[in-house]
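**Q** Have a look at the structure that comes next, please.
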Amino acid sequence: MAKPKLKEHVINLDWCKGCGICIAFCPKSVLELDEKEKVVVARAKDCICCQLCELRCPDLAIKVEME
Amino acid sequence: MPVKDYIRERFFPHLWCPGCGHGIVLNALIRAIEKLGLSKNEIAMVSGIGCSSRISGYVDFHTLHTIHGRALAFATGLKLGLPSLNVIVPMGDGDALAIGGNHFIHAARRNIEMTAIIMNNRIYGMTGGQYSPLSGYGTMATTAPFSNIDHDFDVVDLSIAAGATFVARTTTFHVHQLIDILQQAILHEGFSVVEVLSQCPTYFGRKNKMGSAADMMTHYKDQTTPIGSKAKKENPALIERGVFVQKEMPEYCKEYDKIIERAMGRSESTPIS
Ligand SMILES: Cc1ncc(C[n+]2csc(CCOP(=O)(O)OP(=O)(O)O)c2C)c(N)n1
Ligand code: SF4
Ligand code: SF4
Ligand code: SF4
Ligand SMILES: [Mg+2]
């Protein structure tokens, strides 16, 4: 199977509570919190599209869209 | 279907605290239902009272938000009346095993087809951090400021002893396993119990100095192991994850139908005078 390629992370800023779970367990350290305590994509090119951030988000606030 | 089609978006962001494990259970449950290809109309969720029980407000299935500890009693009535529904009953540890303990063991004993999910955060989250029957010896809670002297139940052992025909455990860290187990539990034709270790960073975490939500999930990763693993033999304190029991037994609604048939047959041959 071809490696999935990232299109974008769709983040719902109204729902993200900045808990940091997606950041703590991203295997490639792609995500960070910004100064408003919301998740941001800091290193999109490192993302391997494992979707663990999406599956572990308690707030359904992050979605990994692939090409 | 995208996730948003399974939820009542108008109630989001939900009321759970940042990092609450109950949101991860909601997330996984939606994925499990999507993978099973169930339509929303085939599912009824019945819950009691607690942070965990609020989950029924967020899903766009048939939902009943009932009273503390009694979700399984309502669910039993619903299932007997409409046996074709897939009935899912998410409960808190207090809801299921303190006030609701009797309903729990008897629903398991009857083997009525439904999926009981115990969102075990080892505390009464909603009411401010009182200890529950799952807090365990030596834990701290608002009602145990000098540490708890109650011992906890083992949900898996209790469920097996009570007669549940599907019994599994996992955690909010192990999301792939959680999604897989929820699918199996929903498909199981009998009473299924899924215990999910689910962090309450606000009360259990804070009282027991367990750090952030992510720290609590790391603890689940470090303190659990697959059933029968080598690690378990070396360190018996590890908590096992996986499916402990999956067996076939006569199911309550099906047996009840047979009783109705038998009773109808008798009334035809021997009319009541
Ligand atoms: C009959 C009755 N007794 C007590 C309460 C108060 N009460 C509400 S939720 C709750 C316990 C919540 O703990 P749990 O079931 O573990 O759910 P959590 O909030 O931790 O998810 C209690 C005691 C109530 N609502 N109804
Ligand atoms: S897990 Fe979800 S709520 Fe928590 S920081 Fe990430 S996107 Fe935000
Ligand atoms: S998909 Fe995987 S690699 Fe990409 S941001 Fe999410 S957790 Fe990190
Ligand atoms: S009090 Fe605990 S269980 Fe309730 S929403 Fe907050 S973190 Fe979750
Ligand atoms: Mg609880």
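The values are calculated or read from the model by the stated rules, or taken from the named source; none is laboratory data. Keep in mind the model is a prediction, meaning the values are calculated, not measured. Ideal geometry is used to build each Cβ from the backbone, glycine not excepted, and the neighbour counts take in all protein chains shown. SASA here: full protein model, heavy atoms, side chains in, ligands and nucleic acids out. Shrake-Rupley method; radii C 1.70, N 1.55, O 1.52, S 1.80 Å.
**Q** Residue by residue through B:207-214, how many Cβ atoms from other chains fall within 10 Å of the Cβ on average?
**A** Shielding by partners across B:207-214 averages 2.
**Q** Moving on to the next point. What total accessible surface area, summed over both chains, is buried at the interface between chains B and A, computed with a 1.4 Å probe and given in Å² to the nearest 100? Walk me through the numbers on the way to the answer.
**A** Details: alone 13120 and 4810 Å², together 16170 Å².
The B and A chains share an interface burying roughly 1800 Å².
**Q** Pop a pseudo-label 7 angstrom from the Cα along the beta-carbon direction at both A:Asp34 and B:Arg262 and give the gap in nm to one decimal.
**A** Placing both labels 7 Å along Cα→Cβ, they lie 6.7 nm apart.
**Q** Starting from the Cα of B:Ile227, step 7 Å along the direction of its Cβ; do the same at B:Thr143; then give the gap between the two resulting points in nm.
**A** Calculated label separation equals 3.2 nm.
**Q** I've got another one for you. Could you give the size of the charge dipole of the stretch B:3-264 about its Cα centre, using +1 on the Cβ of each K and R and -1 on the Cβ of each D and E, expressed in debye and rounded to the nearest 20?
**A** On the way: 25 positive and 24 negative charges, 69 e Å.
With Lys and Arg at +1 and Asp and Glu at -1, about 340 debye.
**Q** Let me ask something additional. Counting trypsin sites (Lys or Arg not before Pro) as exposed when in a DSSP loop with at most 15 other beta carbons within 10 Å, what is the longest stretch of chain A free of them?
**A** Details: sites that count: A:Lys5, A:Lys28, A:Lys36, A:Arg43.
Within chain A, the longest run free of exposed trypsin sites (Lys or Arg not before Pro) spans A:44-67.
**Q** About the Cα centre of the protein assembly as shown, how large is the charge dipole given +1 on each Lys and Arg Cβ and -1 on each Asp and Glu Cβ? Please answer in debye to the nearest 20.
**A** Values: 37 positive and 36 negative charges, 60 e Å.
Here the size comes out at about 280 debye.
**Q** Round to the nearest 10 and report in Å² the accessible area of B:Cys200, as given by a 1.4 Å probe over the protein chains' heavy atoms.
**A** Probe radius 1.4 Å; accessible area of B:Cys200 about 10 Å².
**Q** Just give the residues from the stretch B:165-181 buried by at least 20 square angstrom of accessible area in the all-chains context relative to the isolated chain, probe 1.4 Å, and say none if nothing qualifies.
**A** Residues of the stretch B:165-181 that lose at least 20 Å² of accessible area once the other chains are added: B:Phe173, B:Val175, B:His176.
**Q** Something else: What's the local net charge at B:Tyr203, with K and R +1, D and E -1, over the other residues with C-beta under 14 Å away? Present the calculation step by step, with values, prior to reporting the outcome.
**A** On the way: positive: B:Arg122, B:Arg206, B:Lys207, B:Lys209; negative: B:Asp93.
Neighbour charge sum, excluding B:Tyr203 itself: +3.
**Q** Please report the spacing between the Cα centers of the stretch A:6-67 and the stretch B:169-195 in Å, no decimals.
**A** Going from one Cα centre to the other spans 25 Å.
**Q** At R0 = 41 Å, how high is the FRET efficiency between B:His106 and A:Cys50 if r is their beta carbon distance? Nearest 0.05 is fine.
**A** With R0 = 41 Å, the Cβ-Cβ based efficiency is 0.45.
**Q** Where does each of B:165-176, B:181-192 land if you order them by average Cβ count within 10 Å, highest first? Walk me through the intermediate numbers first.
**A** Details: B:165-176: 24.1, B:181-192: 22.5.
Taking the mean over residues of other Cβ atoms within 10 Å, the ranking is B:165-176, B:181-192.
**Q** Per-residue Cβ counts within 10 Å, from other chains only, averaged over A:50-63: what number is that? Intermediate results must be reported in sequence, preceding the final value.
**A** On the way: counts 0, 3, 2, 0, 4, 8, 13, 4, 17, 11, 14, 3, 0, 3.
Average per residue, whole number: 6.
**Q** Quick one: helix B:101-110 against the long Cα principal axis of chain B, what's the angle to the nearest 10°, folded into 0 to 90?
**A** Tilt of helix B:101-110: around 50 degrees.
**Q** Given R₀ = 22 Å, FRET efficiency for A:Met66-B:Leu36 by Cβ-Cβ distance, to 0.05?
**A** Values: r = 23 Å, r/R0 = 1.02.
About 0.45, to the nearest 0.05.
**Q** Run the lone-cysteine check on chain A: no other Cys C-beta under 4.7 Å from the residue's C-beta.
**A** That list is A:Cys16, A:Cys19, A:Cys26, A:Cys47, A:Cys49, A:Cys50, A:Cys57.
**Q** With a 1.4 Å probe and every protein chain left in place, work out the accessible area per residue of the protein assembly as shown in Å², rounded to a whole number. If you can, show how the numbers build up before the last one.
**A** Details: 16170 Å² over 340 residues.
Spelled out: the 1.4 Å probe surface of the protein assembly as shown, per residue, equals 48 Å².
**Q** Using θ = phi - 60° and the Karplus curve 6.51 cos²θ - 1.76 cosθ + 1.60, what whole-Hz ³J(HN,Hα) does each residue of the stretch B:111-125 get, with Gly and Pro shown as x?
**A** The phi angles translate into 6, 7, 6, 6, 10, 8, 10, 9, 8, 8, 9, 6, 6, 7, x Hz.
**Q** Can you return the aspartates and glutamates within cross-link range of B:Lys233? Criterion is Cα-Cα under 19 Å, with same-chain partners fewer than 8 residues away left out.
**A** Within reach: B:Asp154, B:Asp157, B:Asp222.
**Q** Also: Rounded to whole Å and ordered largest first, report the semi-axes of the equivalent ellipsoid of chain A derived from its Cα gyration tensor (root of 5λ).
**A** Calculated on Cα positions only, the semi-axes equal 19, 12, 11 Å.
**Q** Percent of accessible area on the stretch B:86-175 owned by carbon and sulfur, 1.4 Å probe? Provide the component values of the computation, followed by the final result.
**A** Details: 1720 of 3050 Å².
Here it works out to 56 percent.
**Q** Okay, next question. Could you pull out which residues in the stretch A:21-40 have an amide N less than 16 Å from a spot 7 Å beyond the Cα of A:Lys3, following the Cα-Cβ vector?
**A** A:27-30
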